[in-house]
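Student: Just dropping this structure here.
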2 protein chains.
Amino acid sequence: MVEASGRIRIGVIGGGQLARMMVPPAIHLGLQLSVLAEAEGMSAARAVDAVGDYRDPETVYAFAETVDVITFDHEHVPSEILRELECRGVAVHPRPDALQFAQDKILMREKLEELGVPVPSWAAISDEAELQAFIEKHGGRAVVKTARGGYDGKGVRVVSDAAGARDWFAALAEDARGGRLLVEELVDFTRELSQLVARRPSGEARTWPVVETIQLDGVCAEVLAPAPVANPVTLDEAARIGRVVADGLGVTGVLAVEMFETRDGRVLVNELAMRPHNSGHFSIEGSVTSQFEQHLRAVADLPLGDTAMTAPAAVMVNVLGGPAEGPMPVRYAEALAAHPRAKFHSYDKQPRPGRKVGHVTVTGQDLAQVRQAAQAAARVFD
Amino acid sequence: MVEASGRIRIGVIGGGQLARMMVPPAIHLGLQLSVLAEAEGMSAARAVDAVGDYRDPETVYAFAETVDVITFDHEHVPSEILRELECRGVAVHPRPDALQFAQDKILMREKLEELGVPVPSWAAISDEAELQAFIEKHGGRAVVKTARGGYDGKGVRVVSDAAGARDWFAALAEDARGGRLLVEELVDFTRELSQLVARRPSGEARTWPVVETIQLDGVCAEVLAPAPVANPVTLDEAARIGRVVADGLGVTGVLAVEMFETRDGRVLVNELAMRPHNSGHFSIEGSVTSQFEQHLRAVADLPLGDTAMTAPAAVMVNVLGGPAEGPMPVRYAEALAAHPRAKFHSYDKQPRPGRKVGHVTVTGQDLAQVRQAAQAAARVFD
């Protein structure tokens, strides 16, 4: 990966805040980062070298010729394009063979079961009758998910009646590729956990401490790092599952495994993301090596960094929606004065209800105090 | 400074590594950073929006029209240009009235004496006879410095004979503006200290812990943060001096005050820099708010951040010269594998003997161990 010139060129497809937050560690390490953005003026604008549609093969192939390795801000680049890139000799990380499990939730469930990883009861269903049967078997309610394209609570519904997914079945019927929906039991969980893992093509892997994530309407609102120890066994189990998934799926780069901790002490995998993830933003200040730096190291096949915490506790609170009058800096006079220890991250996005426009992280000795401080700092932007 | 749009546009004149290291905090905070670089392909290339000569008034005026405030990667922009910018209503930080003391060492010595700040014995001299008289009065040796343009040991000579500065006097004689040299006693110091201070236009100021700097041939080689406590009185005195200088000179942005700790327990000011400084690079990982983030906050007149250490000790070691075969990443396979806790910073510069091409920082509990680790990690690039 390292050319004789000492230039390592990493191309990121997608210009959102994840690509944006890869820029600082690329600058520090002296890696050359280029972004292919969907449009002008996106969050990662400072590193954008190309603008175009990631679903257009020629756009992606042309971009790939300017870099040494391709990686991602999101999981939506079609598999066919990525496989063709590999045929042309381009390094792609995560590889399409791994990425497919983050792109298709039914494939993911099948693969996790094959690996013996605990997941909620599930089924792939083609019509309302199958959905109704599943609902009745699982206590009268279930979670229906589109297999592809969902994020932040989109493409996920809790239903108590098969009619609740009628429009999705109709949409599938009109799709020439056909397809099925995923249905799952409604898990009785006490909290949600996330395990971040980074893995190099050579197999070297590092995990961060398991974190607790707090969701609001299906969107991550807060992350507590490390997760408070309610039951040490479940935290060890979460860490074990993270490593099994990373190895079993052959993930390269950063992997986030989102999990439910159930009332009866089990840990079940909910979702996977094969890229830096909201549950790892705390690591920018909270870890010796952040998820963004580690992702760059991993996809460039460079040795991974230490993932120890820099302080006993770190709490990240998302800024959702943002100030009515514009991006976060419109409130900096107040926010920075009142919260000198808080670290503010603005994604340079215009406000929109529920939109992730930034986040705030506080690190310190005591989780409860740190959490209160991070919440108060984020609240300035409401 | 904050526009209704929430965009705060900061323009940096100079495309070196200091401008480069302002980019990460600008991205995190969501500030718009633009760089006017001397040439293409400089260290801060990722943020370069204009290329041109900072000594050309029209180039600087045109650049200033694209931003809300002008600040600097170096002190070499002519005062006349900066004063004209202020006349045109452009915010310039540090202001030319303050910056002149960093641009001209004779002005600086005069001003510091006026403020009652302890400095080495000195004189402004116009010819060899005056130099010879100073040398004889101060034990047969002295330090001669050009008043303007020196850095990293350039423009500084230890002489025991007036002939040792003959070429500099000849150059001054040919310069239509005339000018004098600065001569100083050779201070019998035990170590060098540096106090970083950040100050807003409104007067709010924050200091970082005093650090010890270790020079090699006039170039900073290592920084120990905080400075080991040899004599607590001298550290308090160094901190007091830093604040007096920042206020007394009306500095805005980051100020570095480099000082000698003498064998007889005094602290004398050696040099000033009105910008982020090599002695503050440790703060990227070692402080809650780095000098680069703080500089941006200060020049944008935003409230300053906490400057507490993130760990009991941080040591920064410069990579001087760099690997013969290219920028630092050519050695990353070895360096990153052997030193997972070290943070590597490459300025993306080609190697040249003695050139600062990057640095390495390690933080931890024990200064001696941290120092050893940082030295070992930096040595990989020799």
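Student: Any idea of the total accessible area buried by the B-A contact, 1.4 Å probe, rounded to 100 Å²?
Tutor: Roughly 4000 Å².
Student: Taking a 1.4 Å probe, which of A:TRP208, A:TRP168 shows the most accessible area, and what order do the others take after it?
Tutor: A:TRP168, A:TRP208
Student: Accessible area of the stretch A:9-92 with a 1.4 Å probe: how many percent of it is carbon plus sulfur?
Tutor: Details: 1390 of 2880 Å².
The nonpolar share, carbon plus sulfur, comes to 48 percent.
Student: For A:ARG379, place a label point 7 Å from Cα along the Cα-to-Cβ direction in every copy; what are the distances to the other copies, in nm, shortest first?
Tutor: Shortest to longest, the spacings are 5.2 nm.
Student: For peptide A:360-366, what's the mean number of Cβ atoms from other chains within 10 Å of each residue's Cβ?
Tutor: 1
Student: Moving to a separate point now. Counting other Cβ atoms within 10 Å, which trypsin sites (Lys or Arg not before Pro) in the stretch A:140-232 have at most 14 and lie in a DSSP loop?
Tutor: Numbers: sites: A:ARG141, A:LYS145, A:ARG148, A:LYS154, A:ARG157, A:ARG166, A:ARG177, A:ARG180, A:ARG191, A:ARG199, A:ARG206; in loops: A:ARG141, A:ARG148, A:ARG177, A:ARG180.
Taking the stretch A:140-232 and a limit of 14 other Cβ atoms within 10 Å, the loop trypsin sites (Lys or Arg not before Pro) found are A:ARG141, A:ARG177.
Student: Are there any residues in the stretch B:28-44 with a reduction of at least 50 Å² in accessible surface when going from the isolated chain to the assembly of protein chains? Probe 1.4 Å, please list them by number.
Tutor: Residues passing the criterion (a loss of at least 50 Å², heavy atoms only) are B:HIS28, B:LEU29.
Student: Take chain A, connect every pair of alpha-carbon atoms lying under 10 Å apart with a spring to form a Gaussian network, then pick out the residue of A:PRO120, A:PRO232, A:PRO327 with the largest mean-square fluctuation.
Tutor: Residue with maximal mean-square fluctuation among A:PRO120, A:PRO232, A:PRO327: A:PRO232.
Student: In the protein assembly as shown, what is the volume of the convex hull around the alpha carbon atoms, normalised per residue and reported in Å³?
Tutor: On the way: hull volume 120.9 nm³, N = 764.
Cα-based convex hull of the protein assembly as shown, divided per residue, equals 158 Å³.
Student: Moving on to the next point. So what are the stretch A:33-110's ellipsoid semi-axes, whole angstrom, largest first, if each one is the square root of 5 times an eigenvalue of the alpha-carbon gyration tensor?
Tutor: The answer is 22, 15, 10 Å, longest axis first.
Student: Sticking with this structure for a sec: Where the accessible area of the stretch A:230-296 is counted over protein heavy atoms with a 1.4 Å probe, how much of it, in %, is carbon and sulfur?
Tutor: Numbers: 840 of 1740 Å².
Within the stretch A:230-296, the accessible surface is 48 percent carbon and sulfur.
Student: Let me ask something additional. On average, how much accessible surface per residue is there in the protein assembly as shown, in Å², for a 1.4 Å probe, leaving out ligands, DNA and RNA?
Tutor: 37 Å²
Student: Spelling out what I want: for every residue of the stretch B:159-175, take phi, set θ = phi - 60°, compute 6.51 cos²θ - 1.76 cosθ + 1.60 (Karplus), and round to whole Hz; glycine and proline get x.
Tutor: Karplus-based 3J(HN,Hα) across the stretch B:159-175 equals 10, 10, 7, 4, 4, x, 10, 4, 5, 5, 4, 4, 5, 4, 5, 7, 7 Hz.
Student: Over the residues of the stretch B:210-286, compute the C-alpha Rg and express it relative to 2.2 N^0.38 Å. If you can, show how the numbers build up before the last one.
Tutor: On the way: Rg = 12.3 Å, N = 77, 2.2 N^0.38 = 11.5 Å.
Expressed relative to 2.2 N^0.38 Å, the Cα Rg reads 1.08.
Student: Which values, in whole Å and largest first, are the semi-axes of the equivalent ellipsoid of chain A obtained as the square root of 5 times each eigenvalue of the Cα gyration tensor?
Tutor: Over the Cα atoms of chain A, the ellipsoid semi-axes are 30, 27, 22 Å.
Student: Largest first, please: the extent of the C-alpha atoms of the stretch B:226-382 along each principal axis, to the nearest Å.
Tutor: Cα spread of the stretch B:226-382 along its principal axes, largest to smallest: 47, 37, 30 Å.
Student: Also, quick follow-up: Given a Förster distance of 22 angstrom, what is the FRET efficiency for B:ALA129 paired with B:ASP167, based on the Cβ-Cβ distance and rounded to 0.05? Mind dumping the intermediate values first?
Tutor: Working: r = 17 Å, r/R0 = 0.76.
Taking R0 as 22 Å, the efficiency between B:ALA129 and B:ASP167 is 0.85.
Student: With the Cα gyration tensor of the stretch A:180-309 giving a ≥ b ≥ c as the square roots of its eigenvalues, does the rule (a/c under 1.5 for rounded; else a/b larger than b/c for prolate; else oblate) give rounded, prolate or oblate?
Tutor: It is prolate, given that a/c is not under 1.5 and a/b is the larger ratio.
Student: Also: In nm, to one decimal, how far is the B:ALA308 label point from the A:ASP306 one, both placed 7 Å along Cα→Cβ?
Tutor: 2.1 nm
Student: Given a 1.4 Å probe, show me the residues in the stretch A:321-336 buried by at least 20 Å² of accessible surface when comparing the whole protein assembly to the chain alone.
Tutor: Listed in order, they are A:PRO327, A:PRO329, A:VAL330, A:TYR332, A:ALA333, A:LEU336.
Student: When we measure straight from the Cα of B:LYS111, which aspartates and glutamates land under 19 angstrom away, once same-chain ones fewer than 8 places off are left out?
Tutor: Within the straight-line limit of under 19 Å, B:LYS111 reaches these aspartates and glutamates: B:GLU75, B:ASP97, B:GLU184, B:GLU185, B:GLU237, B:ASP247, B:GLU258, B:GLU271.
Student: By its C-alpha gyration tensor, with a ≥ b ≥ c as the square roots of the eigenvalues, how is the stretch A:86-197 shaped: rounded for a/c under 1.5, else prolate for a/b larger than b/c, else oblate?
Tutor: Cα axes put the stretch A:86-197 in the oblate bin.
Student: Also, quick follow-up: Cross-link list A:LYS105/A:LYS154; B:LYS154/B:LYS343; A:LYS343/B:LYS356; B:LYS145/B:LYS349: which exceed 23 angstrom alpha carbon to alpha carbon?
Tutor: Working: A:LYS105/A:LYS154 13 Å; B:LYS154/B:LYS343 29 Å; A:LYS343/B:LYS356 29 Å; B:LYS145/B:LYS349 28 Å.
Going by Cα-Cα distance, B:LYS154/B:LYS343; A:LYS343/B:LYS356; B:LYS145/B:LYS349 fall outside the 23 Å limit.
Student: Looking down the axis that turns B into A, which residue of B has the closest beta carbon, and how many Å out?
Tutor: Output: B:PRO24, 2.
Student: List the distances, in nm and shortest first, from the label point of B:ALA163 to the matching label points in every other copy, placing each point 7 Å from Cα along the Cα-to-Cβ direction.
Tutor: With the label placed 7 Å along Cα→Cβ, B:ALA163 yields 10.7 nm.
Student: Step through the residues of the stretch B:130-139 one at a time and calculate ³J(HN,Hα) from phi using the Karplus curve (6.51 cos²θ - 1.76 cosθ + 1.60, θ = phi - 60°), rounding each to whole Hz and writing x for Gly and Pro.
Tutor: My calculation for the stretch B:130-139 gives 5, 5, 4, 4, 5, 4, 5, 6, 10, x Hz in order.
Student: Still on this structure, I have one more. Copy-to-copy spacing for B:PRO78, label 7 Å out on the Cα-to-C-beta vector, in nm, shortest first?
Tutor: Shortest to longest, the spacings are 5.9 nm.
Student: Just to check I understand the Karplus step: with θ = phi - 60° and J = 6.51 cos²θ - 1.76 cosθ + 1.60, what whole-Hz values come out for the stretch B:232-242, glycine and proline as x?
Tutor: x, 4, 5, 5, 4, 5, 4, 5, 4, 4, x
Student: How big is the dipole moment of the protein assembly as shown about its Cα centre under a simple scheme where the beta carbon of each Lys and Arg is +1, that of each Asp and Glu is -1, and everything else is neutral? Debye, nearest 20, please. Show your work: numbers first, answer last.
Tutor: Numbers: 78 positive and 104 negative charges, 147 e Å.
Magnitude of the dipole: close to 700 debye.
Student: Select from A:ASP175, A:ASP104, A:ASP73 the residue whose mean-square fluctuation is largest in a Gaussian network model of chain A (Cα-Cα springs shorter than 10 Å).
Tutor: A:ASP175
Student: Then there's this: Counting only protein heavy atoms and a 1.4 Å probe, tell me what percentage of the stretch A:121-184's accessible area is made up of carbon and sulfur.
Tutor: After summing per-atom areas, the C and S share lands at 49 percent.
The values are calculated or read from the model by the stated rules, or taken from the named source; none is laboratory data. No experiment lies behind these values; they were computed from the predicted model shown. Because the Cβ atoms are built from the backbone with ideal geometry, glycine has one as well, and the counts that use them run over all protein chains shown. Just so you know, the surface numbers come from the protein's heavy atoms only, side chains and all, with ligands and any DNA or RNA stripped out. Shrake-Rupley method; radii C 1.70, N 1.55, O 1.52, S 1.80 Å.
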